[in-house]
Amino acid sequence: MNFTDFLAALGLFLVLEGIAPFLNPQGLKRALTRLLQVQDRELRIAGLGSMLVGVVILFVVR
């Protein structure tokens, strides 16, 4: 992996992160408010699952 790949991945990440607030800012605010009510353990499990899926995708693509 070179620096160009890293910058492309970062750019794609920023584009994907910007879709929700651009299309539905009120919905994003409601979702973030609900997120405050989720237990830390559940957030950690969701984060771990997301990381594992990402690693699998990178492994398959590379």
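For every residue, the table says whether it meets (1) at pLDDT below 95; (2) at negative phi; (3) not acidic (Asp, Glu).
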{"residue": "3", "(1), (2), (3)": "yes, yes, yes"}
{"residue": "15", "(1), (2), (3)": "no, yes, yes"}
{"residue": "24", "(1), (2), (3)": "no, yes, yes"}
{"residue": "35", "(1), (2), (3)": "yes, yes, yes"}
{"residue": "42", "(1), (2), (3)": "no, yes, no"}
{"residue": "45", "(1), (2), (3)": "no, yes, yes"}
{"residue": "50", "(1), (2), (3)": "no, yes, yes"}
{"residue": "56", "(1), (2), (3)": "no, yes, yes"}
{"residue": "62", "(1), (2), (3)": "yes, yes, yes"}
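What are the residue pairs meeting all of these: first residue in region 1-15, first residue closer than 16 Å to residue 58 by Cα, second residue surrounded by 10 or more Cβ atoms within 10 Å (Cβ to Cβ), Cβ atoms under 9 Å, and 6 or more apart or on different chains?
Cβ pairs passing all conditions: 1/9.
Are any residues in region 20-44 among the β-branched types (Val, Ile, Thr) and surrounded by 10 or more Cβ atoms within 10 Å (Cβ to Cβ), and if so, which ones? Spell out the reasoning first.
Of region 20-44, the ones among the β-branched types (Val, Ile, Thr) are 33, 38.
Matches in region 20-44: 38 only.
The values are calculated or read from the model by the stated rules, or taken from the named source; none is laboratory data. Values in this document were obtained by computation on a predicted structure and should not be read as measured data. Backbone-built Cβ (ideal geometry, glycine too); neighbour counts: all protein chains shown.
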